[in-house]
């Protein structure tokens, strides 16, 4: 075995060069990974004793995507496209062995290998659309040439992942290997290829899957018509459709040029900035104020749920599905009152263990008024109505930060987007202002739909929106968001944006009210509010006069 660098090893065994990456936790595409792969594969190609090349990854997953830690900080010595070309044009068969998740740039690397094998539990996908982007490393072109335009459009415009069984059916992988013997099974497959004299199968040269698409000139117009509502106003999925169309109608290199041009426009556009802001916001929201970053939350294994209504039943089902034991209250780590608190808090306070957390779900604004001898363990959980996935973790005056961290852990396992808030909450005050502004305002409904709202928030259906209709609706919402931040109801501007998107229906590609305000300019918002006779909050005035922003955008 030869250590190429600190994350890459090369072993040659019986004519097969095995390149192994080991860059915990997810073998992300760091500069060292790119450089190590390039050098190892080049070494293998130059070795006359090597007849085939296998790429494997140690740890829990294949290359899971870009390395966010080094993004923009370290310039790799090896260009991503040069690495792809080195793999794809190799005269010897190359095989990528997939396990865990092969996502984004990781899958784009795998697609340049001539063959791919996977364990049954592996998952693959190109989820860039969720960040307002498209795969910029040839993903739209190679995926289409493997699976055809229909399957490619489905995966790319939704970001949907596929499991190994579906990937095998689609041709995305060529062979499945035993779950407990990825390396051995992959090595055996490479040797079979060598013994059979298999030639390199370059994805860029594949035509079979797209030939039928070329014979169907109405394919892309039909897709646009059938998915018009889902694609409306969204730059990334529309650009993806154009890229897949290029993959079908143009040469591979011409299609790549279209993909790179479209990627560049998206990368520097406002929608991707908004979606990346929300991605970062959801991560930032998990950091509990006043709690050390390395402090582990108390273990949460058992949950007691008090109540017999729809919320209690839904919580019991979801908690059990998430792996929690739903038990009687006196044996629980956390008791959730899925009913009006009444005198329940006082009663539980005398019967529960001192370390058992108590969470109310109703009357959250009165959290601090509830009688409790242990107020440090009392908090609120404000569940947004489906389909919204917001969970507001309500912090009382004495709630311990560790209790909030435990609730955040619960939210993550339940699949919720969680923010910590004071008892008044974030989503409800914003919704109140939004609904107040649309009442009796002609064209408000149409203006909000055009902005990207997908559900009815009220307002007049008829009438054409005036030029200032959207401003009259949204600027007061921005002002209210600034007030919530100023008064400490929310800890961060990004928490408010996350709550608005996941609890109020604010369109994700617009980033949230404070991101939106930053984008159009705080001075513009201030002027608009004053023209409506609404006093801007002191924080909004302060930031606008200083030329600053809420979110750093």
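Below are the figures for this structure:
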quantity: Rounded Å value of the spacing that divides the Cα centres of the stretch 1-57 and the stretch 320-356; calculated: 53 Å
quantity: Label-point gap, in nm, between residue 192 and residue 353 - each point 7 angstrom along Cα→Cβ; calculated: 5.2 nm
quantity: Residue 523 versus residue 279: modelled label distance in nm, points set 7 Å from Cα along the beta carbon direction; calculated: 3.2 nm
quantity: Difference of contour (0.36 nm per residue) and Cα-Cα distance, residue 205 to residue 373; calculated: 53.3 nm
quantity: Residue-averaged [θ]222 nm for the chain, counting only DSSP H segments that reach four residues, each worth -39500 (n - 2.57); calculated: -13000 deg cm²/dmol
quantity: Residue-span extension gain [residue 286 to residue 48] - 0.36 nm each, minus C-alpha spacing; calculated: 80.4 nm
quantity: Packing-based exposure ordering (other Cβ within 10 Å, fewest first) of 124, 532, 449, 408; calculated: 532, 449, 408, 124
quantity: Highest to lowest packing among 203-210, 110-117, scored as the average C-beta count within 10 Å; calculated: 110-117, 203-210
quantity: Cα shape, the stretch 68-174, gyration tensor, a/c 1.5 rule; calculated: oblate
quantity: Distance in nm between pseudo-label sites at residue 322 and residue 183 (7 Å out along the Cβ direction from Cα); calculated: 3.7 nm
quantity: √(5λ) per eigenvalue of the Cα gyration tensor, the stretch 137-248, largest first, Å; calculated: 32, 17, 11
quantity: Per-peptide average of other Cβ atoms within 10 Å, ordering 27-38, 132-143, 340-351, 183-194 highest first; calculated: 132-143, 27-38, 183-194, 340-351
quantity: Full-stretch length increase - residue 299, residue 254 - with 0.36 nm per residue and alpha-carbon distance subtracted; calculated: 10.8 nm
quantity: The stretch 477-553 and the stretch 62-134: distance between their alpha carbon centers, rounded to Å; calculated: 38 Å
quantity: Which labelled figure in (1) -0.26, -0.38, -0.51; (2) -0.21, -0.30, -0.41; (3) -0.29, -0.41, -0.55 is log10 I(q)/I(0) by the Debye sum over Cα atoms at q = 0.05, 0.06, 0.07 Å⁻¹, once derived from the coordinates; calculated: (1)
quantity: Overall form of the stretch 302-421 per C-alpha gyration tensor (a/c, 1.5; a/b vs b/c); calculated: rounded
quantity: Estimated FRET transfer efficiency when R0 is 56 angstrom, pair residue 212-residue 468 (beta carbons, to 0.05); calculated: 0.65
quantity: For 48, 329, 494, order by how many other beta-carbon atoms lie within 10 Å, fewest first; calculated: 48, 329, 494
quantity: Shape of the stretch 360-510, Cα gyration tensor, a/c cut at 1.5; calculated: prolate
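Values quoted throughout were computed directly from the atomic coordinates according to the rules given, and no laboratory measurement underlies them. The structure displayed is predicted, hence computed values, not measured ones. With ideal geometry, Cβ positions are generated from the backbone for all residues, glycine too; neighbour counts draw on all protein chains shown.
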